[in-house]
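Asks: Before anything else, here's the structure in question.
The numbers here are math on the coordinates, done by the rules we state, and not lab data. Computed from a predicted model, the values in this text were never measured in an experiment. Cβ atoms come from the backbone with ideal geometry, glycine included; neighbour counts cover every protein chain shown.
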Amino acid sequence: MQKWFGATFPILSILLLLWIEQSVDVSYGVKTAAKVILFLGIPFILFRSTKFLFLRFRKTDRKSIRFAFILGVSIMSLIIGAFLLLQSLIDIASLRDDLLLSGITPSSFPIIALYILIGNSIIEEFFFRGLLPDLFGRGAMRFILPPFFFAIYHIAIFLPWFTLPILLLAVGGLWTGGLIFQLANEKPHTILPSWIIHMFADLGILLIGVYILYFY
């Protein structure tokens with residue numbers, strides 16, 4: 001039952017969020033609410049009996065936390081460097097227009113950025129690095145499907161902004177990143193290390209957002 005849920009629920013959730021993201025004219029707040037329900041609310045109801053041991057952050061050892069900070073800074077630098085290198089292949093004007101249409105404006109960006117940095121990151125870590133690996137158990141699928149779902153989910157959001165080669169590159173990069181996030185949690189058995197890394201990665205993206213919204 002758990003493995004079946006782990007394989008099908010993310011697909012259904014991603015398809016629904018993609019439909020909301022690309023086909024329904026709703027605000028960023030509505031999209032966020034849908035994500036909270038699908039990635040946090042429903043799993044909490046269905047699996048509350050497991051007590052979500054991966055949320056026991058106090059059990060995370062200091063070495064894992066230090067490693068997470070170092071890796072996070074490295075990934076943030078890589079994201080910014082990749083954007084600077086590949087920006088000629090990215091339709092930045094379209095990206096900026098999509099942000100504005102979804103309600104992400106220069107005035108609202110600081111609040112949204114704070115949510116993305118802290119709130120959104122912990123929701124995604126709970127779902128992709130906590131819940132899904134637990135559902136797949138200790139087998140190989142635990143290291144294949146959750147990172148794959150993580151990659152596909154983000155590509156679904158960014159679909160209109162990039163050419164096919166960039167999309168394929170992004171899928172590979174996001175899958176690799178998701179796997180690295182997951183491996184960082186294997187020793188402490190909590191999602192704190194991957195959450196730290198995730199926040200640094202989001203910070204890199206948000207700094208790119210600052211450039212697009214305020215300086216492009």
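Asks: Lysine pairs in the stretch 1-143 with Cα distance under 23 Å, only those 8 or more apart or on different chains: how many are there?
Replies: On the way: K3/K35; K3/K51; K35/K51; K51/K59.
Lysine pair count for the stretch 1-143: 4.
Asks: Here is a further query. If each residue's Cβ is checked for other Cβ atoms within 10 Å, how do K59, K35 rank with the fewest at the top?
Replies: Lowest to highest Cβ neighbour count: K59, K35.
Asks: Average the reciprocal distances over every distinct pair of alpha-carbons in the stretch 82-150, invert the result, and give the Kirkwood radius in Å. Each step should come with its number before you reach the end.
Replies: On the way: mean 1/r = 0.0676 Å⁻¹.
Over the stretch 82-150, the inverse of the mean reciprocal pair distance is 14.8 Å.
Asks: Separate question: How do Y28, Y216, Y153 line up, fewest other C-beta atoms within 10 Å first? Provide the component values of the computation, followed by the final result.
Replies: Values: Y28 16, Y216 11, Y153 22.
So the ranking, lowest neighbour count to highest, is Y216, Y28, Y153.
Asks: Hey, another quick one. Provide the gained length on full extension for the span I11 to L100, in nm with one decimal, where the gain is 0.36 nm per separating residue minus the Cα-Cα distance. Show your work: numbers first, answer last.
Replies: Numbers: separation 89, 0.36 × 89 = 32.04 nm, distance 2.79 nm.
Full extension of this stretch gives 29.3 nm more.
Asks: Report the extension gain between L114 and A140 in nm, rounded to one decimal, defined as 0.36 nm multiplied by the number of residues separating them, less their alpha carbon distance. Show your work: numbers first, answer last.
Replies: On the way: separation 26, 0.36 × 26 = 9.36 nm, distance 3.48 nm.
Length difference between fully extended and current span is 5.9 nm.
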